[in-house]
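Visitor: Sharing a structure here in structure tokens format.
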Amino acid sequence: MPSPLDRDDFDVVPINPQRIFQEVANQLRRLISEGKLRPGDKLPPERELAKRFGVSRNTMREALRALELSGLIELRLGATGGAFVLPGSSNAVVAGMRDLYFLGAITPQHLTEARIAVSAAVIRVACERITDEEIDALEANVAAAARAKQAGDFEERTRHHQAFHVMLARTTHNPVLIATTEGIMEITRQFVKAIGPTDQQDYTHPSRKRLLKHLRARNAEKAVAEMSSALTKLHRGYMVNAVAPGTTAPAPPRPPRDPKPAKARPRAPGAA
């Protein structure tokens, strides 16, 4: 039996292992990683870059767009515009996670599992590096969320609750943990936005107060246990109702080593 590849109408072309614009982009990435191009530096004009690399201007333009999507450069228009190297940014990570959410690839269960795991890593590192001033800032955030709750401002309360996690991640001074947390919180924002306000009980404030006490004591294990318990309650009480596009909500995951048995758990507001 003849192979389908033998048919005249089965046209194929040799596969190029790497497109030219990707090689150009990779060389520019290397220059940035080696410090030869620093944040704030302006790249030569597109025409000059194309000449240096020996490629067409269209190829050069594709390479610059790829770097822009990666969050490495910013393309500015106008007389003072051009391609500028950006400082370290988590924009690409956040955008990628947001795209996964809109594609329906992330369920509430995925989100909760990731939040528990990443939060545990953040807290353990934070307990080694966090300063009293940074804990004071976290306390101010918790107080602001409480005032928003008293005012009945769901959106403001939610904004403070979610900002708390990013603030905590930044105390690690670890760009990987910060970027991952920012991406996870972007997905959380999308889920909460889809659900909207609820009249469920808000247990977040007392949980945060206990968490801050453990952070001040630099007790990582108790802080991790508190955060894991809070996020599991969040899933059971609220996020299980959040459904990513094209998915159904699964049962909540179990947190690692939850120190408290699952008795009568309160309903939760989902803004944490």
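Visitor: Could you check how many residues of segment 126-174 are among the small types (Gly, Ala, Ser) and at positive phi? Outline the logic, then answer.
Guide: Step one: list which residues in segment 126-174 are among the small types (Gly, Ala, Ser), which gives 126, 137, 140, 143-146, 148, 151-152, 163, 169.
Add one more test, that the residue is at positive phi, and what stays is 152.
The number of residues fulfilling the criteria is 1.
Visitor: Also, quick follow-up: Looking at the structure I just gave you, is ARG98 in a helix (DSSP H, G or I), in contact (Cβ under 8 Å) with a residue 60 or more places away in the chain and basic (Lys, Arg)?
Guide: yes
Visitor: Within the bounds of segment 218-233, is there any residue that is modelled with pLDDT of 80 or more, assigned by TED's automatic domain parsing to the domain that holds TYR101, more than 18 Å from the chain's Cα centre (by Cα) and closer than 13 Å to PRO108 by Cβ?
Guide: The answer is yes; a qualifying residue exists.
Visitor: Can you tell me which residue within segment 50-73, out of those that are over 32 Å from the mean Cα position of the chain (by Cα) and touching a residue at least 24 places away in the same chain (Cβ under 8 Å), is farthest from ARG30 (Cα to Cα)?
Guide: The qualifying residue farthest from ARG30 (Cα to Cα) is VAL55.
Visitor: For ALA271, state whether it is assigned to a loop (DSSP other than H, G, I, E, B), crowded, with 17+ Cβ neighbours inside 10 Å and at pLDDT below 75.
Guide: yes
Visitor: Test each condition in (1) within 27 Å of MET185 (Cα to Cα); (2) modelled with pLDDT of 90 or more; (3) not assigned by TED's automatic domain parsing to the domain that holds ARG189 for LEU69 and report the one that comes out false.
Guide: (2)
Visitor: Then there is this: Would you be able to tell me the number of residues in segment 36-52 that are in a helix (DSSP H, G or I) and surrounded by 13 or more Cβ atoms within 10 Å (Cβ to Cβ)?
Guide: Of the residues in that region, 4 qualify.
Visitor: Taking the criterion of being outside any helix (DSSP H, G or I) and modelled with pLDDT under 85, would at least one residue in segment 25-35 satisfy it?
Guide: Yes: one or more hits.
The values are calculated or read from the model by the stated rules, or taken from the named source; none is laboratory data. These figures come from a predicted structure and were not determined experimentally. Quick reminder, even Gly has a Cβ in these numbers, built from the backbone with ideal geometry, and neighbours come from all protein chains shown.
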